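Here is the structure we will look at.
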Protein chains: 4
Amino acid sequence: MSVKKNFYSDNVSGAAPEILEAIVAANAGDSAPYGADPGTERLPQRFAELFETEVEVYPVGTGTAANGLCASVIAAPYGAIYVSDAAHVHGSECGGAEFWSGGSARTVPLPVVDGKIAAADLARAVDEAGARSADVPPRAVSLTQATEVSTVYTPAEVKSIAEAAHARHLWVHMDGARFANAVARLGCTPAEASWKAGVDVLSFGATKNGALAAEAVVFFDRELAETMRYRRRRGGHLFSKMRFVSAQLEAFIAKDLWLRNARHANAMAQRVREGLARIPGVRFRSPTEINFVLVALPQAVWDGLVAEGYSFSRRGAPGEGVVRIACAFDTREEDVDALLATAHRYAGTREGADRPAPAMR
Amino acid sequence: MSVKKNFYSDNVSGAAPEILEAIVAANAGDSAPYGADPGTERLPQRFAELFETEVEVYPVGTGTAANGLCASVIAAPYGAIYVSDAAHVHGSECGGAEFWSGGSARTVPLPVVDGKIAAADLARAVDEAGARSADVPPRAVSLTQATEVSTVYTPAEVKSIAEAAHARHLWVHMDGARFANAVARLGCTPAEASWKAGVDVLSFGATKNGALAAEAVVFFDRELAETMRYRRRRGGHLFSKMRFVSAQLEAFIAKDLWLRNARHANAMAQRVREGLARIPGVRFRSPTEINFVLVALPQAVWDGLVAEGYSFSRRGAPGEGVVRIACAFDTREEDVDALLATAHRYAGTREGADRPAPAMR
Amino acid sequence: MSVKKNFYSDNVSGAAPEILEAIVAANAGDSAPYGADPGTERLPQRFAELFETEVEVYPVGTGTAANGLCASVIAAPYGAIYVSDAAHVHGSECGGAEFWSGGSARTVPLPVVDGKIAAADLARAVDEAGARSADVPPRAVSLTQATEVSTVYTPAEVKSIAEAAHARHLWVHMDGARFANAVARLGCTPAEASWKAGVDVLSFGATKNGALAAEAVVFFDRELAETMRYRRRRGGHLFSKMRFVSAQLEAFIAKDLWLRNARHANAMAQRVREGLARIPGVRFRSPTEINFVLVALPQAVWDGLVAEGYSFSRRGAPGEGVVRIACAFDTREEDVDALLATAHRYAGTREGADRPAPAMR
Amino acid sequence: MSVKKNFYSDNVSGAAPEILEAIVAANAGDSAPYGADPGTERLPQRFAELFETEVEVYPVGTGTAANGLCASVIAAPYGAIYVSDAAHVHGSECGGAEFWSGGSARTVPLPVVDGKIAAADLARAVDEAGARSADVPPRAVSLTQATEVSTVYTPAEVKSIAEAAHARHLWVHMDGARFANAVARLGCTPAEASWKAGVDVLSFGATKNGALAAEAVVFFDRELAETMRYRRRRGGHLFSKMRFVSAQLEAFIAKDLWLRNARHANAMAQRVREGLARIPGVRFRSPTEINFVLVALPQAVWDGLVAEGYSFSRRGAPGEGVVRIACAFDTREEDVDALLATAHRYAGTREGADRPAPAMR
């Protein structure tokens, strides 16, 4: 396998071997359609063990679907969902909350520090809106864990937000597209990171972390789930051959695969950060707590990496040179080292000079 | 492999070997997320070759998503979609058209003969509704091809409906969850069964016929597709690892896999029908033109098959004993023969008596 | 005032004098906008007295708005509303239930006898739908009182339907655009016709019966009203000068104006029916229990009335000659008598021959 | 008539005498329901004369309905509407755009100077969003004329925004709840303030300026109006006795009533401003170009006015003492003078000392 130069997203990777094996295994024999198969029926128990509590689990195909479905139930029958200004559900799902709710939900952005909203800001915004009869009534808050800027909420932070929310009769949703990376970072249990801190419903992500296409909506408050099976069906996420989605999820949480993958991806991002930190002029834009680095690169380094075939996702205003360097479950140490060597070489630092240029490999 | 006794649906089967191989192949190396991968970008050309015309192609995960997305564009900005009373989009998607359109679409059922609506009925209903200012304005017609009762529209039938529709400024959608079975039956080209007969947009199904989870919305009228990419994204059907969906579709239409699978499934259903026809008291409820048989079974046969572990989907009113016996790409002749032998045995006919009971195998 | 020849609808009349006086009186002095005025704030007490129980009252401008808003709350968060096949909310509001609910509601028609649905049919339909996971989940039933064919549900009939509904966790809505005519007919109290029979929320109509533009949504189950004030506002039915709507409603229910108007309109329809009954060939299509007559007229009578300038609303299939002859609060005995004389004259009956032709007046 | 102390809103006034007379006149005789009456049918011609071009006119009951209906057509089939941060449609209609569009529209706020958005900001925002496939696609811009802060767009300003919009295939909506005040201020023709400057559809307000409850949606681009009649009906704004709404609109634009009322209200606000400007410590928050003044009052003045029974709408952050002092068509010079005298008295200025206190009148 050649050196990986694609750090654009944790979605550029394929599926982990364990996931593909689970799909192939699920293919043997006939089965029941629409989620009546044994594998899907095992999931609630599997997730109950993982989260140490009874849950309802709804597998879906994408994180956008998970978030949109959650938005439709937490905003029901009608109301506002408070989110961070950078939240995927607010800015990157083409108006998904409005769509999934039939125009009954609106996402309302709150200011963030290091990608995280604060309980006090939520409380103030909800209280003000609640006092205005011309406003959309507050219903829910949605936290992204880990955040869009590579940070994580501590369980205490989640708890303070959830308390402010529950005191105002708001539901608490967690967009956990990178929940695995967050738990790996925090070193806490999945329960501590979710329902024990006050989360009512979780979008539990697998795709970014080794699945082919599988996410799960996990309800800790089961009353919330009442209309979910209908909503999922009409939204086209009740797969007729659901067993293939469920097999991915089962393999993902079995034998700690999800945490092993996440720990590895997080570690690779740390390695990237540490290597880049030694280049003069490099400016990090946020802490690197999970599997990607947000960083402004010197022009020469940026140009050099592009010239060598590296790809990243651009962030921030045009011209700032800010990129997101994303690692995944399958990013190897040698991939990171090659990246760093190239960066150092173009930066003209000693570290880069010592290594052979990637082009020579 | 033991005898297949599950005739509940063409969805009880897993994926065809060619499809699984395509998925495994797609897993090699990194790729671009959200459909910017080479495989997805090849699809328009592949489908253009298949349909002998320029098309826009949007892969999605389920037939319900394909139909819902189509409903949202053909009913836009607001209007009624005429369907058969038995249409999946009307009765089996939890109000999907209303959902995907944000309450702007309504499905209006028309009477059917052998599962098919008639151009004259469509014309009359549209003209009456158009004259009533208190009605939802007519916008589109949706045909299910093949139908929910194992019949197919001939290209001439499609054409007459499309002409009635277009004369009244309605779009023509075809729900082709079993388009493969229909084309296999008709022996015509895909083009003749679709755009040459006036279809503007097609839900092209693969899942029922050997894919794991893959359908494609194929636009022949590309103006209709304008908002599709946004709608698909917010509906959660822009998969981040889209290459795995596209790989299934590419393999499905390559080397006639889709038609070979469909022809086989159709043939197996014919074999079922011919075998059952020799049992006194068996009453077929519709022609068997594709891959399943709708049939009322004598009580003894019904009880016997259930006792032997066979499963079917029940249709019709309770107590009538009407079942759908569905064959799939992987139903074997020996599976059908075992089924028939069991049925005959319980019916007490000569044919069953001559064969060993399935339980002895 | 000349003879009234317009029997097209109970909406062709203007406002009753008492209503206009109330509007003029409401115009004096400044007031608070958006329903914070004293007249609007008096309404809950006024309606509580009328209905002998605590209620929440939301004035709106039209019956379609009242029904749509009710649909959005009774179907919330998502579900089916069972209605009669002839229900205004199903067939005459351009898909209002779907719209007001953002695609979350669907109206499902039930068969009717004399315009009324039966508890047993409701129970069966709900039970069947509840058993199908691909259906829209049942949430509510909506009764039109009085019905679209001039009949009324007795309190016992309402009660049996409400019991079937509540046993299945459905809300009960009453579309009371002609609630006044129904209560006038039944001779019961408003309470007996509504909440005592199990109605949870009522669209209380005034416009058809003498108001200019005023209806009220009356909640007997106040939990249902939770989101109503927000929904009404965004639907554009929180009038900035709400006092003018409220003044109409207050005058309408004061001093029995609503019942006096309704009794009169009902009596005029009876007079029409009795007069027409003496014409050979006249065929009534339903009982005449409230303020209009559904009747098939002999061709000569139909032609004659049209020639003399009479107008009616056509009902039934084209060519059947079925018309609705609607009386209102301001229809006079002499208007009815002139109509009848003209009809008899063209029918060639003795009764018509005895009277001067209307054209000579 | 006692002194008017209610400056809370231009909606606290009742209807102008000419409007009430028109309603009473419309009450004579029978008529056709649902807008088929002669008065309603005259409106397109009346508005064509007013605007010097062919138009389609849809009377509705409230400004929120007018804006919501416009949002639903300009955003169709799906897209973003750019608005000012202070726009009524964005912040004061309980999520109306999302509702009326069934979740297909989203309002996107732009920064403002003196309540007005700038063409360059619109262009930049649209171009950025257009380049992001995960965003809601841009469809329209909505201008509030006059603005929420008592300023007006000049025709040249409207034109520059409209050109930026049309160049990007966006529709241009004008929320003209106070269009009359704007035209009165500008001294231009209604045409120059609207379609000649590029406006495609206008919410033409009457209620704030003397009507009881009447607004009109005026389409200059008639293609946009295609679905309007259906949308208005299902939204409950096709009044059965529409003639009463139409009569208000006809009287409003006849004999320049609308401009006379607006000019007077504007002049009264100028008088308020000039009088307050002489009080030390008074700080105006925006120009006063139409009928209200946004002003921060010294604490003593604020307390005194409240003590004397005056009412205003509070604006700005709590504690800042910013109020909106709104004048209407029926605000008299002596009402303003009494207000000013009271303010000066509590401010301790000479002007107040010279006058008798209002309480003594």
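Summary table below
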quantity	calculated
Subset of the stretch C:68-89 [within 17 Å of the chain's Cα centre (by Cα) and facing another protein chain (nearest Cβ under 10 Å)]	C:Gly68, C:Leu69, C:His88
Any hit, the stretch B:96-112, residues being modelled with pLDDT of 90 or more, open to solvent by 10 Å² or more (accessible area, probe 1.4 Å), farther than 26 Å from B:Lys241 by Cβ and part of a loop (DSSP other than H, G, I, E, B)	yes
Condition check for B:Arg46: in contact with a strand residue (DSSP E or B) (Cβ under 9 Å, 6 or more places away or on another chain), away from chain D (no Cβ under 14 Å), surrounded by fewer than 24 Cβ atoms within 10 Å (Cβ to Cβ) and charged (D, E, K, R)	yes
Residue match in the stretch D:159-173 (condition: touching a helix residue (DSSP H, G or I) at 6+ places or on another chain (Cβ under 7 Å) and within 30 Å of A:Pro77 (Cβ to Cβ))	yes
Enumeration of residues in the stretch A:2-22 that are within 8 Å of chain B (Cβ to nearest Cβ), open to solvent by less than 10 Å² (accessible area, probe 1.4 Å) and either more than 30 Å from A:Thr342 (Cα to Cα) or over 21 Å from the mean Cα position of the chain (by Cα) (or both)	A:Lys4
Meets criteria (more than 13 Å from chain A (Cβ to nearest Cβ), open to solvent by less than 30 Å² (accessible area, probe 1.4 Å), farther than 30 Å from A:Ala36 by Cα and not in a helix (DSSP H, G or I)) for C:Val149	no
Meets criteria (open to solvent by 10 Å² or more (accessible area, probe 1.4 Å), more than 9 Å from chain A (Cβ to nearest Cβ), part of a helix (DSSP H, G or I) and touching a residue at least 40 places away in the same chain (Cβ under 8 Å)) for B:Glu41	no
Filtered residue count, the stretch D:185-209, keeping only those that are open to solvent by 10 Å² or more (accessible area, probe 1.4 Å), part of a loop (DSSP other than H, G, I, E, B) and either closer than 29 Å to B:Arg106 by Cβ or touching a helix residue (DSSP H, G or I) at 6+ places or on another chain (Cβ under 7 Å) (or both)	3
Scope the stretch A:221-238; condition under 22 Å from the mean Cα position of the chain (by Cα), more than 8 Å from chain B (Cβ to nearest Cβ) and outside any helix (DSSP H, G or I); matching residues	A:Asp221
Filtered residues of the stretch B:248-275 (kept if surrounded by fewer than 24 Cβ atoms within 10 Å (Cβ to Cβ) and either more than 14 Å from B:Val336 (Cβ to Cβ) or touching a Pro at 6+ places or on another chain (Cβ under 7 Å) (or both))	B:Glu250, B:Ile253, B:Ala254, B:Lys255, B:Asp256, B:Leu257, B:Leu259, B:Arg260, B:Arg263
Only listed residue being in contact with a strand residue (DSSP E or B) (Cβ under 8 Å, 6 or more places away or on another chain) and in contact (Cβ under 8 Å) with a residue 24 or more places away in the chain, chosen from C:Tyr58, C:Tyr34	C:Tyr58
Among (1) at pLDDT 95 or above; (2) assigned to a helix (DSSP H, G or I) - the single one B:Asp303 does not satisfy	(1)
Residues located in the stretch B:152-161, provided they are more than 25 Å from B:Ala328 (Cβ to Cβ) and surrounded by fewer than 24 Cβ atoms within 10 Å (Cβ to Cβ)	B:Pro155, B:Ala156, B:Glu157, B:Lys159, B:Ser160
Flag for B:Arg278 being modelled with pLDDT under 95 and open to solvent by 10 Å² or more (accessible area, probe 1.4 Å)	no
Close pairs from the stretch A:95-106: first within 7 Å of chain C (Cβ to nearest Cβ), partner crowded, with 24+ Cβ neighbours inside 10 Å and of a type in the set (S, T, N, Q), Cβ under 6 Å, at least 6 apart	A:Ser101/A:Ser72; A:Gly102/C:Ser104
Total residues in the stretch D:80-89, condition outside any loop (DSSP other than H, G, I, E, B) and surrounded by fewer than 23 Cβ atoms within 10 Å (Cβ to Cβ)	1
Those residues of the stretch B:192-226 which are among the small types (Gly, Ala, Ser) and under 18 Å from B:Tyr58 (Cα atoms), in sequence order	B:Ser194, B:Ser203, B:Gly205, B:Ala206, B:Ala211, B:Ala213, B:Ala214, B:Ala216, B:Ala225
A:Val218 being open to solvent by less than 10 Å² (accessible area, probe 1.4 Å), in a helix (DSSP H, G or I) and either among the β-branched types (Val, Ile, Thr) or more than 14 Å from every other protein chain (Cβ to nearest Cβ) (or both)	no
Sole exception among (1) within 12 Å of chain D (Cβ to nearest Cβ); (2) out of contact with any Pro (no Cβ under 9 Å at 6 or more places or on another chain) for B:Ala129, by number	(2)
Given (1) under 30 Å from C:Lys5 (Cα atoms); (2) within 8 Å of another protein chain (Cβ to nearest Cβ); (3) at pLDDT 95 or above, number of the condition D:Ala65 does not satisfy	(1)
Unique residue being under 17 Å from C:Thr151 (Cβ atoms) and open to solvent by less than 50 Å² (accessible area, probe 1.4 Å) when the list is C:Arg324, C:Arg315, C:Arg285	C:Arg324
Criterion (on the phi < 0 side of the Ramachandran plot, in a helix (DSSP H, G or I) and either surrounded by fewer than 23 Cβ atoms within 10 Å (Cβ to Cβ) or aliphatic (A, V, I, L, M) (or both)) met by exactly one of D:Ala25, D:Ala32	D:Ala25
Count of residues meeting criterion [at pLDDT below 95 and under 29 Å from D:Ala16 (Cα atoms)] in the stretch D:331-359	2
Number of the condition not met by D:Leu212 [criteria: (1) part of a helix (DSSP H, G or I); (2) open to solvent by 10 Å² or more (accessible area, probe 1.4 Å); (3) within 14 Å of chain C (Cβ to nearest Cβ); (4) not basic (Lys, Arg)]	(1)
Subset of the stretch B:239-253 (residues that are assigned to a loop (DSSP other than H, G, I, E, B) and either over 30 Å from A:Gly103 (Cβ atoms) or more than 7 Å from chain A (Cβ to nearest Cβ) (or both))	B:Lys241, B:Met242
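Results for (1) crowded, with 24+ Cβ neighbours inside 10 Å; (2) over 15 Å from the mean Cα position of the chain (by Cα); (3) within 22 Å of C:Tyr34 (Cβ to Cβ), shown as yes or no for each residue.
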position: D:Gly91; (1), (2), (3): no, no, yes
position: D:Ile117; (1), (2), (3): yes, yes, no
position: D:Ser133; (1), (2), (3): no, yes, no
position: D:Ala140; (1), (2), (3): yes, yes, no
position: D:Thr144; (1), (2), (3): yes, no, yes
position: D:Glu163; (1), (2), (3): no, yes, no
position: D:Arg178; (1), (2), (3): yes, no, yes
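The values are calculated or read from the model by the stated rules, or taken from the named source; none is laboratory data. Bear in mind that the values here come from a model prediction, so they are computed numbers and not experimental data. Here Cβ is always computed from backbone atoms with ideal geometry, including for glycine, and neighbour counts include all displayed protein chains. All accessible areas refer to the heavy atoms of the entire protein, side chains included, with ligands and DNA or RNA removed. Shrake-Rupley method; radii C 1.70, N 1.55, O 1.52, S 1.80 Å.
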